[in-house]
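What follows is calculated from the coordinates using simple rules that are stated; it is not laboratory data. On a predicted model such as this, the values are computed, not experimentally measured, just so you know. No Cβ is skipped: glycine too gets one built from the backbone with ideal geometry, and neighbour counts run over all protein chains shown.
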Amino acid sequence: MDIPKKMLSLFSKAISKYRLLSPGDYVLVCISGGSSSCLMAKLFAEYAKRPVDMRLCFAFLSGEADGEDRVLVEHARAHV
């Protein structure tokens, strides 16, 4: 699942504009398997590739995931 550059740009700008993260913050993204939580996980994963001072973790909550969502969930599980 590739994130459009415009979406990632808007996501990054919102984090900066609203000061949602401070240096050294821990971010826990909970993945239910639904499209919105999987998108949020992917956005944070892409954002974390930048030189930012944050620690990113994923948690899988009960829910149904299949297809590309299942791949993201399994990847997150492997890296927690």
(request) Treating only the Cβ atoms of Lys and Arg (+1) and Asp and Glu (-1) as charged, compute the dipole magnitude of the range 11-61 about its Cα centre; round to the nearest 20 debye. (result) 180
(request) With r as the distance between the Cβ atoms of Leu61 and Ser22 and R0 = 22 Å, compute the FRET efficiency 1/(1 + (r/R0)^6) and round to 0.05. (result) 0.30
(request) Name the long-range amide H neighbours of Ile31: under 5 Å, sequence gap of 5 or more, or other chain; modelled H, no Pro or chain starts. (result) Ala59, Phe60, Leu61
